[in-house]
Amino acid sequence: MPHTDPTPSSSTDDTIDMRLRQEEDTAHLIDLDSTGPEADDRPDLLDHIAEWGAVKTSAGAFQLVPVRIGRDLRLIARWMNDPSVAAFWELDGPDETTASHLGGQLDGDGRSVPCLGALDGVPMSYWEVYRADLDPLARHYPARPHDTGIHLLIGRVSDRGRGLGTTLLRAAADLVLEHRPSCTRVVAEPDLRNTPSVAAFLGAGFRFSAEVELPGKRAALMLRDRALRHVL
């Protein structure tokens with residue numbers, strides 16, 4: 001299930017070094033101006049994320065780039081196979097497992113858009129931006145029209161455990177509220193057991209609303225209200 005700022009619970013220095021070498025191999029600039037043919041003619045319920053552009057943060061220019069399976073599958077699948085990520089997302093295994101998860105969104109009705117999160121053009125995180133009011137989540141809380149949900153995992157080991165999740169969550173929520181004028185709040189539902197994730201959302205201006213029982217997890221319902229955008 002979705003997870004923010006994953007930190008390995010236990011690993012040897014050799015394993016960490018190996019992961020860092022793998023990251024050096026996979027870190028690459030992506031063409032932020034090209035959405036590619038995979039994005040053509042898809043339904044859109046999230047106000048054209050590909051056109052939102054970048055926002056400045058203390059860590060660099062951050063941008064949400066809609067996923068293209070041909071370009072991004074291997075990188076995202078590698079992240080999903082990190083044990084720290086797999087413990088919450090449960091998408092480890094062959095590339096086909098990740099491809100099926102991505103394809104379910106890309107071939108759907110536009111209510112969920114998988115994205116890479118890029119810092120200064122380098123992909124380092126995976127996001128899902130979705131219409132929470134049209135999602136099964138809406139059965140578990142008093143949803144409002146155009147509530148927008150976000151899921152996040154930080155892919156690169158070197159980016160974890162240093163507060164970057166908080167910075168990126170605030171940036172992503174700002175992008176949603178700036179470019180989706182019909183949306184009055186951003187929603188998230190991290191696993192209650194994932195205390196670093198909950199703390200990251202709180203640091204990013206979200207407030208804890210309730211505990212909700214969801215399929216596979218007990219979650220903390222987190223909300224960031226447009227009305228409090230410049231206060232929290």
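Details
- For the range 200-224, taking the residues that are on the phi < 0 side of the Ramachandran plot and open to solvent by 60 Å² or more (accessible area, probe 1.4 Å), the one that is modelled with the lowest pLDDT is identified as PRO215.
- Screening SER197 with (1) open to solvent by less than 30 Å² (accessible area, probe 1.4 Å); (2) modelled with pLDDT of 95 or more gives one miss only, at (2).
- Failed item, numbered, when LEU75 is tested on (1) of a type in the set (A, V, I, L, M, F, W, C); (2) in a helix (DSSP H, G or I); (3) in contact with a strand residue (DSSP E or B) (Cβ under 6 Å, 6 or more places away or on another chain): (3)
- Looking only at residues of the range 106-147 that are of a type in the set (Asp, Glu) and under 21 Å from GLN63 (Cα atoms), we find that the one that is most open to solvent (accessible area, probe 1.4 Å) is ASP120.
- Annotation note: Cβ proximity below 7 Å between a residue of the range 49-76 that is closer than 13 Å to GLY103 by Cα and free of Cβ contacts under 8 Å to residues at least 40 places away in the same chain and a residue that is open to solvent by 50 Å² or more (accessible area, probe 1.4 Å) and not hydroxyl-bearing (Ser, Thr, Tyr) (sequence gap 6+ or interchain) occurs for ARG68/GLU38; ILE69/GLU38; GLY70/GLU38; LEU73/ASP95.
- Among residues of the range 97-124 that are touching a residue at least 12 places away in the same chain (Cβ under 8 Å) and under 27 Å from SER158 (Cβ atoms), those with a beta-carbon under 6 Å from a residue that is open to solvent by less than 30 Å² (accessible area, probe 1.4 Å) and among the polar types (S, T, N, Q) at least six positions away or on a different chain give the pairs PRO114/GLN105; GLY117/SER125; ALA118/GLN63.
- Test: residue in the range 92-103 that is touching a Gly at 6+ places or on another chain (Cβ under 9 Å), at pLDDT 95 or above, of a type in the set (Asp, Glu) and outside any strand (DSSP E or B): no
The values are calculated or read from the model by the stated rules, or taken from the named source; none is laboratory data. On a predicted model such as this, the values are computed, not experimentally measured, just so you know. A quick note on method: Cβ atoms are made from the backbone with ideal geometry, for glycine too, and the neighbour counts reach across all protein chains shown. Quick note on the areas: whole protein, heavy atoms, side chains included, nothing else; ligands and nucleic acids left out. Shrake-Rupley method; radii C 1.70, N 1.55, O 1.52, S 1.80 Å.
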